[in-house]
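Visitor: Take this structure, written in C-alpha cells, and hold onto it; I'll ask about it next.
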Amino acid sequence: MGGFFGITSHIDCLADVFFGTDYHSHLGTRRGGLAAFDAHIGLQRKIHNIENAPFRTKFERIFDEMRGTSAIGCISDTDPQPLLVRSHLGVYAISTIGIINNAQTLIDGCLAHAGSYFDAMTGGRVNGTQLLSALINQKDNFTDGIRYAQETIDGTASILILKDDGTLIAARDRVGRLPVQIGRREDGYAVSFESFAYQKLGFEDVCELGPGEIVHLTPDAMTQLAAPGTKKRVCSFLWSYYGYPTSTYEGINVEAMRYRNGESMAEQDRAAGFADPIDYVGGVPDSGTPHAIGYANRSGKPFARAFIKYTPTWARSFMPQNQRERNRVAKMKQIPVHELIKDKNLLFVDDSIVRGTQLRETVEFLYENGARSVHMRSACPPILFACKYLNFSRETSDMELIARRVILELEGEEGFNHLSEYSDGTSERGKNLRRAIAEKFHFSSLAFQSLEGVLGAIGMDPCELCTYCWTGKE
C-alpha cells in the first residue's frame, strides 16, 4: 500500500507534514519521503529507506535540512518517492499511491520517442512514480495530464503534486479505490489519505474527493479542476484490514465497522448451530482484535487477550521483507498469558487468512502453551484472487493463497470452475474447504465471514465496493 500527506500554507508547515506523514506509517514499510517548497530555496526533497527503522527516526533531523510553507510527504511500500521533476509543466514534486500493471508497455511507448529515457533502478526497473510523471508531461497542463495518465494505466493511481509556486494538486484514483481527503485550517489546506492525520494538527474536514476528482489547493482556496466520475469501487479492505482504527472512509469508521462485522460473525455461528464450549474470545493482533470484541459482545463469551504482541522493538508486522524472517519475527513478538491459555477453549478472530503461514505459527504457539482447543474465524470471505489493483497481497500469486492451494488439493484444477461454491460456507464444497483448512492448521473449527456479512458491516451500496479478492469481479 502506501499513503501521502501534504499542506499548502502561509506559514512554515514542515513539522506538521512530518507528523502527518508519520501517521501513515501503518500503510507501508519500504520508503519514506518529504518534499518542501520555500520561496527562497525552491523545491527540496529527502528520501530514506524505512525497512529497518520507522519514518520518524529516519527524518528526525529534517528540520535542520529543509524548510517550507508547502510540503508533501509519503510512506511508500513500492518505489522511492516523492520525486522532483522538471518538464514543460514546470518543476514539481510528485507522490503516488497505487499500482501499474501495464508498466512495461507504457515504458516502451515512451521510449519510442527520440531522446526519451528513464532513470533505471536495480534490474532495469523504472520507478512507477516517474512513469506516471512521464505520462502527465505528455499533455499541456496538469489536469489533462493526470486524466490521461489515469486513463492510460491498467491499475490504480492517486496523485499528489507540489508545484514550484507552493500550491498543491490532488487527484483521487479513477474509481476511488483509495481515499483522498481534504482539510482546512486558518493558514491553509491539507491533503491526506487518512483524515485523522490532519485532524490531529487542527484541520477540519472539508471533503473527501470523488472518484477521479482533481483539485488545486492554495493556502486560501480549493478549486475543482476535474469533476468526479460516476463509477466508484472503494476497496473493502480499507475497513477490514489496513485502515487505521480511527480512520473514517466514505463516512464509515473503521473500528465501528469491525465491531459490527464481529457481531455479524457471532450471529452467523449461532445460526449455524455452533455450540462448542468457549472460555475466551480473542483477536489476532492487531486488526483482528476489534472484530473479536464485536464477536464477544454479541456471543456473550468473555473477551480476553491470551497473548500480547511485544511492540517496543518490533512494532510492525510487515517487517522484515523476507517471508521466513517475517514469520520468525511474528513468533518472537507473541508473549503468552499462560493463565488465559492453559486448558482453555479459545476462539480467535483474524482480519483475513491469506497464505496462512503466520497463522499456523500462532496456533502451534497456543497449543504449545497448553490450549485445549483453538477455533478460528476469518473476518472476511476466503481470499481466492490476488489483488491486481493495489499492493495488498500484491506479491502473492493466486496459487500462494491458502484457499486456492487447498481447492487444488481437494479437486484439482476442476475446482477452480466452482470458486463461488467454495466461497459459500453453506455449500458442500464450501464445507469441504473449511474442513480441509482446519485440519491443515489444526483448528478445532474454522468459519469465514460471508460476503453479505462483511458488506453489511461496511454499510455502503455493494455496487460501490471492490470485492475482487473474494469474488474475482470488479
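The values are calculated or read from the model by the stated rules, or taken from the named source; none is laboratory data. These numbers come from a predicted model, not from an experiment. As a convention, Cβ positions derive from the backbone with ideal geometry for all residues, glycine included, and neighbour counts pool all protein chains shown.
Visitor: Could you list, in sequence order, all residues of the range 418-429 that are outside any loop (DSSP other than H, G, I, E, B), surrounded by fewer than 20 Cβ atoms within 10 Å (Cβ to Cβ) and touching a helix residue (DSSP H, G or I) at 6+ places or on another chain (Cβ under 6 Å)?
Guide: 418, 421, 429
Visitor: On to the next question. So, restricting to strands (runs of 3 or more DSSP E) that lie completely within the range 301-417, which ones have at least 2 residues that are closer than 14 Å to residue 285 by Cβ and modelled with pLDDT of 95 or more?
Guide: Values: elements: 307-309, 334-336, 345-350, 373-378.
Result: 345-350.
Visitor: Looking only at the range 116-151, which residues are within 13 Å of residue 87 (Cβ to Cβ) and surrounded by fewer than 14 Cβ atoms within 10 Å (Cβ to Cβ)?
Guide: 116, 140, 141
Conditions tested, residue by residue: (1) over 23 Å from the mean Cα position of the chain (by Cα); (2) closer than 16 Å to residue 448 by Cβ; (3) among the polar types (S, T, N, Q).
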| position | (1), (2), (3) |
| --- | --- |
| 231 | no, no, no |
| 237 | no, yes, no |
| 240 | no, yes, yes |
| 254 | no, no, no |
| 260 | no, no, no |
| 276 | yes, no, no |
| 285 | no, no, no |
| 290 | no, no, no |
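Visitor: If you don't mind, another one. Determine, yes or no, whether residue 290 is assigned to a loop (DSSP other than H, G, I, E, B) and either under 17 Å from residue 378 (Cβ atoms) or modelled with pLDDT under 95 (or both).
Guide: Numbers: assigned to a loop (DSSP other than H, G, I, E, B): no; either under 17 Å from residue 378 (Cβ atoms) or modelled with pLDDT under 95 (or both): yes.
In short, no.
Visitor: Right, another one. Looking at (1) under 14 Å from residue 350 (Cα atoms); (2) in contact with a helix residue (DSSP H, G or I) (Cβ under 6 Å, 6 or more places away or on another chain); (3) β-branched (Val, Ile, Thr), can you tell me which one residue 284 breaks?
Guide: Unmet for residue 284, out of (1) under 14 Å from residue 350 (Cα atoms); (2) in contact with a helix residue (DSSP H, G or I) (Cβ under 6 Å, 6 or more places away or on another chain); (3) β-branched (Val, Ile, Thr): (2).
Visitor: How many residues does the range 16-59 contain that are assigned to a helix (DSSP H, G or I) and surrounded by fewer than 17 Cβ atoms within 10 Å (Cβ to Cβ)? If you could, list the steps in order and put the result at the bottom.
Guide: Of all residues in the range 16-59, those assigned to a helix (DSSP H, G or I) come to 16-22, 25-27, 55-58.
From the residues that got through so far, the ones that are surrounded by fewer than 17 Cβ atoms within 10 Å (Cβ to Cβ) too are 19, 56-57.
Qualifying residue count, the range 16-59: 3.
Visitor: So, of the residues in the range 178-202 that are part of a strand (DSSP E or B) and of a type in the set (A, V, I, L, M), which turns out to be farthest from residue 388 (Cα to Cα)?
Guide: At the first step, the residues of the range 178-202 found to be part of a strand (DSSP E or B) are 181-185, 188-192.
Adding the requirement that they be of a type in the set (A, V, I, L, M) leaves 182, 190-191.
Working: 182: 27, 190: 29, 191: 26 Å.
Out of the qualifying residues, it is 190.
Visitor: Out of the residues in the range 456-474 that are aliphatic (A, V, I, L, M) and crowded, with 19+ Cβ neighbours inside 10 Å, state the one that is farthest from the chain's Cα centre (by Cα).
Guide: The first filter runs over the range 456-474 and keeps only residues aliphatic (A, V, I, L, M), leaving 457-458, 460, 465.
Of the ones still in play, those that are also crowded, with 19+ Cβ neighbours inside 10 Å are 457-458, 465.
Values: 457: 18, 458: 16, 465: 15 Å.
Checked the range 456-474; the qualifying residue farthest from the chain's Cα centre (by Cα) is 457.
Visitor: Of the conditions (1) at pLDDT below 95; (2) of a type outside the set (Val, Ile, Thr); (3) touching a strand residue (DSSP E or B) at 6+ places or on another chain (Cβ under 7 Å); (4) over 26 Å from residue 358 (Cα atoms), residue 425 satisfies every one except a single condition; which number is it?
Guide: (4)
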